[in-house]
Amino acid sequence: MKKFFSAFAAFAVIATLFLSATATPVNARAAKKTIKMKNTTNFNIDEIYIADPDDHKWGSDIMDPNEVLTPGEIIEIEVECGVWDVKLVAEDKSTCEIGGINLCAATQWNITANCR
């Protein structure tokens, strides 16, 4: 089972979703949507994973192998609608796992951090 941590040695990540003007049903897993992810931190995000909350392991990194989400950068990702768990990996390999995010309820997801 995946574990969820609220604080990390290197950073804590809080996901902020800007809700879209149209509502998307949570159970519409077959529908797909493109959303924006913006890195509003002062460090690179090297990997992003999403997984079904009932799954016990993470899938593949959704970014390209050599892609890095640098501070201020926005990337677009296509996701299947529904509720997902999200794992972020920073450049120093610190991780953050956020559970139960309805990715299709947003047009943009801002990744913010409280660095130490």
_Estimated distance in nm for a label pair at Glu91 and Asn44, the labels positioned 7 Å out from Cα along Cα-to-Cβ_ = 0.6
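Indicate, rounded to the nearest 5 percent, the antiparallel portion of the DSSP beta bridges found entirely in the range 27-116. Present the calculation step by step, with values, prior to reporting the outcome.
Working: 20 of 24 bridges.
So the antiparallel bridges amount to about 85 percent of the total.
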*Label-reachable residues, the range 69-84, where backbone N falls under 16 Å from a point 7 Å from Ala31's Cα toward its Cβ*: 78-84
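A short reminder: the numbers here are calculations on the coordinates, not readings from a lab. From a predicted model like this one, the values you see are computed outputs, not experimental measurements. With ideal geometry, Cβ positions are generated from the backbone for all residues, glycine too; neighbour counts draw on all protein chains shown.
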